[in-house]
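**Q** For reference, the structure I am asking about is given below.
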Amino acid sequence: MGFIAFLKTQFIVHLLIGFVFVVSGLIINFIQLCTLLLWPINKQLYRRVNCRLAYSLWSQLVMLLEWWSGTECTLFSDEATVKTFGKEHVIIILNHNFEIDFLCGWTMTERFGVLGSSKVLAKRELLYVPLIGWTWYFLEIVFCKRKWEEDRDTVIEGLKRLSDYPEYMWFLLYCEGTRFTETKHRISMEVAESKGLPKLKYHLLPRTKGFTTAVQCLRGTVSAVYDVTLNFRGNKNPSLLGILYGKKYEADMCVRRFPLEDIPQDEKEAANWLHKLYQEKDALQEMYNQEGIFPGKQFKPPRRPWTLLNFLFWATVLLSPLFTFGFGVFASGSPLLILAFLGLVGAASFGVRRLIGVTEIEKGSSYGNQEFKKKE
């Protein structure tokens, strides 16, 4: 094991990375709070500023994937589709099977210049998660409780508000509503059988309300839907902790573009279109499992230096005073100060671990779990 590889496995290094992310995130959130003064004066300037502030935070996670772990992302698509990346407003449909599927998506948005303006239909619980939810709030992310009767007006209003967004926007939808688990898959297929829908092997039954509403509200703004099917070579199941330890993965993403005018305007027909799409996604996963490759031409968009430079900037700004402060504490010889400093380090470690826990499948929501609903 080389020295760099050894450093990537050390807890203290992980803690320092977490410190930079958390503290820079809090600073960014404070600046975002101040930018609210811009909203009544110049809404579009507010949005452009917040896109760049969000980029400064999210790109630190992309840096971990691209530069720290060296994970490679390969696109399987066609030249005409790739040429549209970063040049139009789109809805993204991505399968939700892996802990770092969002991070692979962010990597692609970064390489095509739309990371800061990327959007998502997110569960409302995330709004209260420090850094993640707070940053999303200032980005006008659409939050929902995943109860359509309560969400309808909020979701429609949030989507329509994005109709004049000044930056090219990739709006991510996890149509399955929750991450894939064997229990949720079994329950989902029971629902499919009861509704007379074809069963899926690698996906949960898509929930159509969010998709049909997004398509209806964003017509005239969004040009296309990108269907993205993600898998990892070697049947790997990567985690954010694995990325933090410097483990390298190889992600393959099959991307298909569907012009919005090809998607039916009628809600029922659009829902049927989505079900058909997921049957095709299932067939793509089956092909990948058998042949180890998706159809289409392979593209490897080059990683850009900005994620690394951004992290180095924050690390320089924040770690220098931290080391100076820590040295001063231990040099003082005061047991009280030393204990307080160690307690702060412990609290920081706990906080970082909690943030990582948000991405872990086994700690995900019980949404879609029938057994959970029965207990309720």
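**Q** Suppose we filter Arg186, Arg219, Arg233 for residues that are surrounded by fewer than 20 Cβ atoms within 10 Å (Cβ to Cβ) and in contact with a strand residue (DSSP E or B) (Cβ under 9 Å, 6 or more places away or on another chain); which single one remains? Working first, answer last.
**A** Values: Arg186 fails: in contact with a strand residue (DSSP E or B) (Cβ under 9 Å, 6 or more places away or on another chain); Arg219 fails: in contact with a strand residue (DSSP E or B) (Cβ under 9 Å, 6 or more places away or on another chain).
From the options Arg186, Arg219, Arg233, the qualifying one is Arg233.
**Q** Okay, next question. Restricting the search to region 262-279, which residues are modelled with pLDDT under 95 and acidic (Asp, Glu)?
**A** Asp262, Asp266, Glu267
**Q** Any idea which of Ile17, Ile27 is more than 16 Å from Leu244 (Cβ to Cβ) and β-branched (Val, Ile, Thr)? Reasoning before the result, please.
**A** Values: Ile17 fails: more than 16 Å from Leu244 (Cβ to Cβ).
When all the criteria are applied, what remains is Ile27.
**Q** Here's something else I'd like to know. Test Trp67 against the stated conditions and say whether it is surrounded by fewer than 21 Cβ atoms within 10 Å (Cβ to Cβ) and touching a helix residue (DSSP H, G or I) at 6+ places or on another chain (Cβ under 7 Å). Steps first, please.
**A** Working: surrounded by fewer than 21 Cβ atoms within 10 Å (Cβ to Cβ): yes; touching a helix residue (DSSP H, G or I) at 6+ places or on another chain (Cβ under 7 Å): yes.
Yes: the conditions hold for Trp67.
**Q** Which is assigned by the TED database to the domain that holds Lys119, free of Cβ contacts under 8 Å to residues at least 40 places away in the same chain, open to solvent by less than 80 Å² (accessible area, probe 1.4 Å) and part of a helix (DSSP H, G or I), of Ala271, Ala283, Ala214? Step through it out loud before you land on a result.
**A** Working: Ala271 fails: free of Cβ contacts under 8 Å to residues at least 40 places away in the same chain; Ala214 fails: free of Cβ contacts under 8 Å to residues at least 40 places away in the same chain.
Of the residues listed, the single one that is assigned by the TED database to the domain that holds Lys119, free of Cβ contacts under 8 Å to residues at least 40 places away in the same chain, open to solvent by less than 80 Å² (accessible area, probe 1.4 Å) and part of a helix (DSSP H, G or I) is Ala283.
**Q** Go through region 241-268 residue by residue and tally those that are assigned to a helix (DSSP H, G or I), of a type in the set (A, V, I, L, M, F, W, C) and under 30 Å from Thr9 (Cβ atoms). Write out each step before concluding.
**A** Kept after step one, since they are assigned to a helix (DSSP H, G or I), are these residues of region 241-268: 241-244, 260-262, 267-268.
With the extra rule that they be of a type in the set (A, V, I, L, M, F, W, C), the set shrinks to 241, 243-244, 260.
Right, trim to under 30 Å from Thr9 (Cβ atoms) and you get 241, 243-244.
Qualifying residue count for the region: 3.
**Q** Which number in (1) closer than 29 Å to Gln216 by Cα; (2) assigned to a helix (DSSP H, G or I) marks the one condition that Glu66 misses?
**A** (1)
**Q** Among the residues of region 236-253, how many are within 26 Å of Ala192 (Cβ to Cβ) and either surrounded by 22 or more Cβ atoms within 10 Å (Cβ to Cβ) or at pLDDT 90 or above (or both)? Walk me through how you get there before you give the answer.
**A** Step one: of region 236-253, the residues within 26 Å of Ala192 (Cβ to Cβ) are 237, 253.
Still in the running and either surrounded by 22 or more Cβ atoms within 10 Å (Cβ to Cβ) or at pLDDT 90 or above (or both): 253.
So the answer is 1.
The values are calculated or read from the model by the stated rules, or taken from the named source; none is laboratory data. Source: prediction; values computed, not measured. Quick reminder, even Gly has a Cβ in these numbers, built from the backbone with ideal geometry, and neighbours come from all protein chains shown. Accessible surface areas use protein heavy atoms only, side chains included; no ligands, DNA or RNA. Shrake-Rupley method; radii C 1.70, N 1.55, O 1.52, S 1.80 Å.
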